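Report on one structure; see the data block that follows.
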Amino acid sequence: MQTVFDTRQALRAGKVSSAELTDAFLARIQALNPRLNAYLTVTAEEALSMARAADDRIARGDDTPLLGVPIAIKDLFSTRGVRTTGGSKILATYVPSWDATVIAKLRALGAVILGKLNCDEFGMGSSTENSGFGPAHNPWDETRVPGGSSGGSSAAVAAELCCAALGTDTGGSIRQPAALCGVTGLKNSYGRVSRYGLLAFASSLDTVGAITHDARDAAILLAAMEGHDPQDSTTVAVAPIRVPDGAHLRDVTVGVPAEYYAGGMQPAVEKAVRAAIQTLAAMGATVREISLPNTHLGLPVYYLIAPAEVSANMARFDGVKYGLRVPGSDLIDTTMRTRGQGFGAEVKRRIMLGTYALSAGYYDAYYIRAQKVRTLIKRDFERAFEQVDIIAAPVAPSTAFKIGAKVDDPLQMYLEDVFTLPVSLAGIPAISVPCGFDQDRLPIGLQLIGQAFDEQKVLDVAYAFQQTTDFHTQKPPLVLSHV
Amino acid sequence: MHTLTASLTASDVDRIAHLSRLALSPDEKARFAQQLTAILDYAGQLSQIDVDGIPPTATVLAVHSVMRAGDTVSGQIDRHDALGNAPATDGEAFIVQAALDHDG
C-alpha cells in the first residue's frame, strides 16, 4: 500500500522522485479509471508540474509531511483553474478562480494534486449513483457501489490511484464509502477544518476530511488541514493533532451502544464488528454496554434538517452568474428550467422536502421540532461520554450493494446511514477502519466515535487496532492483478 | 397546528416546486408526490416525541455571533475572473432577462 507516510520516507531517502511517482499514478489512472469512474477530471500536466516543483524543494532540503505526495480531491472542493462540478450537471463546465482553504494549505505543503474525484451530486447520496457523470465502481467488485457520497475518493484510494484523497462527511459520506471500499475514513468534529471553498450541502452538518490507507495517514492529513480560518466563522482553534505512536489500550474504556445492535445488520457485518470489539478488549480496553436511546430518531431528524439547509444552499444555482443556463420565457422561467434540468432527482427531492419543512404552517411542526430532537441525540452522546472514552459501532448495515439495487426507493437508500447520522447531528468525530470481510470478500468497517474535538483519542485507538490487525492492508483483486 | 401525517396532492407538489423554482415534468411530479409523502410520513414520527423544555440545536458549536477582529479591505475579485463562468456576458456585466417589465 502506498501510504503518505511511506511515500514521504521514500522521497526523503531519494529512493524515488515525486515526478516518477506521479507518472506511475497517472499511468494507473489511465488504465483503471475507465472501469472505476473514480476520477472526473485528471490534471496530468498540472500534477507533473507540481511534482517537479516538489522535487526541487526536496533537493533543497525542504521537508513537509506531504511534500511530493500524490493525492486527489473530491469534486466538491473549489480548485483554482481546475473544473469543479460538485458531481452535478449544473456545474459541468464551472472553473473556480480560487482555492478552498484546505486546498491552499495542501498546495503550500507541496502535495501533488492528480485530479478531481467523482461523488454524489453536491454530496447527496450513499452510493455515488447520484453523480451527474455516472456512478463510481467498487474496486472489490465492479458491479457494486463504492458507497457515497465520497465514492470516487474511496475507490481511488482502494485501487491505489492516489496515496490519499479528500472527502466530505455530512451524514456518513466519508465513513460509509471507506467501509464499503476497505479503507480508512475519518469524519472530523464540526468546526475542526475550514469549509471555505467547499460547495455547501448542509451548513450545520458538513465536515471536511480525508480517506486514507490507515489511521496514521489520517492524522497526517488532519494535521495539514485543521485550524481556525478567518474565512469560516464556524472554525474553532484546537490543540494540533499528533501522529499516533502507542499501541496499548489499557486506559481506554469502549462503549457498545445496545441500540446499534438491535437488528437490521447483515450477519457478517455484526460478526466482524463484534470480533473487532473483542480485539479491543484483548488489547487491554475495558468494554461496557451503554445506551443511546434516541438513535432511531437520527434518520427522521436528519432528513428534515439537512434538506432544509439544502433548500437554502441550492438557491444560488439560478443560471445567472455561473453554471448551466436553460433559457425560458422570462427570468423566473429561465431559473426554473435551469434548475429542473441541471439538478438530478435526489437534489430536487431534498430541495422540495426542505422547502416544505420550512414553509409557513409547517416550520414549527417539522423543522423546529427536528432541531429539538437533535438536542436529545446530542445529549445522548454527552451522557455516554461521561462513562466511556470511545464508542464502537458498525458503520453501515450491509456491505457494498449492487449498482441499481436501491435507486428506486429513496428511503431504502437513506437507511444505509442509520449508524452514521446520529454522529453527524451531534457534530462529533468518528473514524471507519476495516475490520473484516463477508463471504463475497466485500469489506466491512468498524466505527470508532469520540467526544467533540477528541480526534486524538479516536486516532490513537484506530492506530492501535491497525497495529494488531491487517484488514487495512488487504488489496482488492483488481490491484493484485494490475501491478 | 398541522398534523404530521403527510399526503401530498398534485397541487401541493406544484406549489412546492414553484417555491423551489423547479420546473418538473408530469412524471416527476407524480413520482415526487409519492416519494415525498413517504419520507414526510416517516419523519412524522417526531410528532410523538416529548420535546417540552428542550431547546432547538441550530449549531453544535458553543460559538455565537463571531465577528472579524478588524475589517480591512484586501483586494477584490478580478472582473475577468468574476465573469469567467458567466452564461452570458458583454465583458462588463452578467446579461440576464429583465426582472421587471418596462412600460415606456
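What follows draws every value from the coordinates through simple rules; no lab data is involved. Computed from a predicted structure; not experimentally measured. Neighbour counts are summed over all protein chains in view; Cβ atoms, including those assigned to glycine, are modelled from backbone coordinates with ideal geometry.
Per this entry, A:R325 is counted among residues that are over 24 Å from the mean Cα position of the chain (by Cα), among the charged types (D, E, K, R) and within 7 Å of chain B (Cβ to nearest Cβ).
If you go through segment B:66-79 and pick out every residue that is facing chain A (nearest Cβ under 9 Å) and exposed (fewer than 10 other Cβ atoms within 10 Å of the Cβ), you end up with 3.
Restricted to segment A:13-32, and to residues there that are touching a Gly at 6+ places or on another chain (Cβ under 9 Å) and of a type outside the set (A, V, I, L, M), the residue that is surrounded by the fewest Cβ atoms within 10 Å (Cβ to Cβ) is A:S17.
Considering segment A:175-190, and only residues there that are in contact with a His (Cβ under 9 Å, 6 or more places away or on another chain) and not in a strand (DSSP E or B), the residue that is farthest from A:D214 (Cα to Cα) turns out to be A:G182. Only one entry of B:A86, B:A33, B:A43 meets the criterion of being in a helix (DSSP H, G or I) and within 7 Å of chain A (Cβ to nearest Cβ), and that entry is B:A43. Within segment A:93-116, being within 11 Å of another protein chain (Cβ to nearest Cβ) and either among the hydrophobic types (A, V, I, L, M, F, W, C) or surrounded by fewer than 17 Cβ atoms within 10 Å (Cβ to Cβ) (or both) holds for A:T93, A:V95, A:S97, A:W98. May I ask you to verify whether A:Q474 is within 12 Å of chain B (Cβ to nearest Cβ) and surrounded by fewer than 19 Cβ atoms within 10 Å (Cβ to Cβ)? Against the criterion (within 12 Å of chain B (Cβ to nearest Cβ) and surrounded by fewer than 19 Cβ atoms within 10 Å (Cβ to Cβ)), A:Q474 does not qualify. The condition (being in contact with a Leu (Cβ under 7 Å, 6 or more places away or on another chain) and outside any helix (DSSP H, G or I)) is satisfied by just one residue among A:A47, A:A72, A:A19: A:A72. Against the condition over 23 Å from A:R339 (Cα atoms) and touching an Asp or Glu at 6+ places or on another chain (Cβ under 8 Å), how does B:A43 come out, does it pass? Here the answer is no, as B:A43 does not meet what is asked. For A:V183, work out the one condition from (1) under 16 Å from A:A224 (Cβ atoms); (2) touching a helix residue (DSSP H, G or I) at 6+ places or on another chain (Cβ under 6 Å) it doesn't fulfil. So A:V183 meets the others, but not (1).
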